[in-house]
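S.K.: I have a structure I would like to understand better, so I am pasting it below and will then ask my questions one at a time.
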Amino acid sequence: MTFHSPAYLFLLLLLIPVIGWYIYQLKQWNPTVQLSSTRAFARSERTLRTYLVHVPFALRVVAILMLSLALARPQLSNRWSSQSTEGIDIMMALDISGTMQAEDLRPTRLDAAKAVAEEFVLARPDDQIGLVVFAGESFTQCPLTTDHAVLVNLFRSVKFGMIEDGTAIGLGLANAVNRMKDSPTKSKVIILLTDGSNNRGDIDPLTAAQIAQTFGIRVYAIGVGSYGEAKIQIDTPYGKQYTTIQNEFDESTLKQIAAQTGGEYFRATDNKSLKAIYEQIDQLEKSKIRVKEFSKRTESFPPFLYAALICLLLEVLIRYFVTRTIAD
């Protein structure tokens, strides 16, 4: 409930002096008939008029209260809305080559990329999201879907060694484009994450970028890896041992891919920066929500006005026909 003219509620403050004056009058009131003793009235029963002596004043207080509320014009408001959501198609192309086992991101580059991507997926319930993985080859781990619980489980099952080693960036990007090119959704995005340079596959990365541009698909390219050297575990005849690799990859090509498709290029050197990159992409690619709101208000002051009139009428009747005194 709302009030059209809430300023009238300040009239309720008038009740403070009215009640105060009534209490003061009661204390000042003295009988006009003097008796030598009230013993004769000790056993007299109280009549209805005795109990009703303060009722007229109480009715007047209620009348002022009801009248103030009526003047403030209380209104009942019914609101409802209709909402339509236009989601975004997002295909994630994830590099799972051997160098993604480097530990400059914790616990490894691949594990860090999976964890941050899962958070990104769960934060976008209205979008269709899919997953393509690539190394020496590429395949679709999950097509576009709104069943994000299934997608997250498939993310968690991704690991190094699922496919032949290498870095086929062009093939991974082309596969992602192929999975979303026929979608009727207006906004389409690919998040390409890699830590290497294209050294496998039959499709050049820039050619794949041209195909993405043709279908109106934006590519956000993320290069993963700290500057300098990084440690990585490798299998040897003596078990797993650490070796050092140089963090060098083709940033120039990734920047060209992003620029050509209208996306952006990012460099993630640690877990914190990788998470910040996904948060930035999340802000750049918001689903469109159209909301229409409707409101209907109904005047609710009549009951308060009627209650005030009834209280005033009852006060007059009781004061002059039930509790009337000689002074009246």
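The values are calculated or read from the model by the stated rules, or taken from the named source; none is laboratory data. Note that the structure is predicted; figures quoted are calculated from it, not measured. No Cβ is skipped: glycine too gets one built from the backbone with ideal geometry, and neighbour counts run over all protein chains shown. Accessible surface is based on the protein model in full, side chains and every heavy atom, while ligands, DNA and RNA are left aside. Shrake-Rupley method; radii C 1.70, N 1.55, O 1.52, S 1.80 Å.
S.K.: Is it the case that residue 77 is closer than 30 Å to residue 304 by Cβ, of a type in the set (S, T, N, Q) and either open to solvent by 30 Å² or more (accessible area, probe 1.4 Å) or modelled with pLDDT of 85 or more (or both)?
M.R.: Taking the combined requirement at face value, the residue satisfies it.
S.K.: A further question follows. Between residues in the stretch 115-129 that are in contact (Cβ under 8 Å) with a residue 40 or more places away in the chain and at positive phi and residues that are assigned to a helix (DSSP H, G or I) and surrounded by fewer than 16 Cβ atoms within 10 Å (Cβ to Cβ), which pairs lie under 9 Å by C-beta distance while being six or more apart or on different chains?
M.R.: Every condition considered, no pair remains.
S.K.: Among the residues of the stretch 122-133, is there at least one that is surrounded by fewer than 22 Cβ atoms within 10 Å (Cβ to Cβ), within 24 Å of residue 272 (Cα to Cα), more than 31 Å from the chain's Cα centre (by Cα) and at pLDDT below 95?
M.R.: Scanning the stretch 122-133 turns up no residue that is surrounded by fewer than 22 Cβ atoms within 10 Å (Cβ to Cβ), within 24 Å of residue 272 (Cα to Cα), more than 31 Å from the chain's Cα centre (by Cα) and at pLDDT below 95.
S.K.: Among the listed residues 321, 249, which satisfies the condition of being of a type in the set (A, V, I, L, M, F, W, C), out of contact with any helix residue (DSSP H, G or I) (no Cβ under 9 Å at 6 or more places or on another chain) and modelled with pLDDT under 85?
M.R.: Just one listed residue meets the conditions, 321.
S.K.: Related question: Give the residues of the stretch 186-244 that are farther than 28 Å from residue 104 by Cα, of a type in the set (A, V, I, L, M, F, W, C) and in a strand (DSSP E or B), sorted by residue number.
M.R.: Hit for the stretch 186-244 is 217, nothing else.
S.K.: Go through the stretch 158-174 and give me each residue that's small (Gly, Ala, Ser) and at pLDDT 95 or above.
M.R.: Within the stretch 158-174, 168, 170, 172, 174 meet the criteria.
S.K.: Suppose we filter 172, 216, 263 for residues that are among the small types (Gly, Ala, Ser) and surrounded by fewer than 17 Cβ atoms within 10 Å (Cβ to Cβ); which single one remains?
M.R.: Just one listed residue meets the conditions, 216.
S.K.: Out of 115, 72, 58, I need the residue that is among the hydrophobic types (A, V, I, L, M, F, W, C) and either open to solvent by 60 Å² or more (accessible area, probe 1.4 Å) or within 30 Å of the chain's Cα centre (by Cα) (or both). Which one?
M.R.: Exactly one of 115, 72, 58 is among the hydrophobic types (A, V, I, L, M, F, W, C) and either open to solvent by 60 Å² or more (accessible area, probe 1.4 Å) or within 30 Å of the chain's Cα centre (by Cα) (or both), namely 115.
S.K.: Next question. Please identify the pairs in which a residue from the stretch 208-229 that is without any contact (Cβ under 8 Å) to a residue 40 or more places away in the chain has its Cβ atom under 8 Å from the Cβ atom of a residue that is surrounded by fewer than 14 Cβ atoms within 10 Å (Cβ to Cβ) and not charged (D, E, K, R), counting only partners at least 6 apart or on another chain.
M.R.: Final answer for the pair search is 228/246; 229/244; 229/246.
S.K.: Pairs, please: C-beta under 6 Å, at least 6 apart or cross-chain, first residue in a helix (DSSP H, G or I) and in the stretch 263-292, second loosely packed, with under 14 Cβ neighbours inside 10 Å and at pLDDT 90 or above?
M.R.: Listed pairs, sorted by first residue: 271/106.
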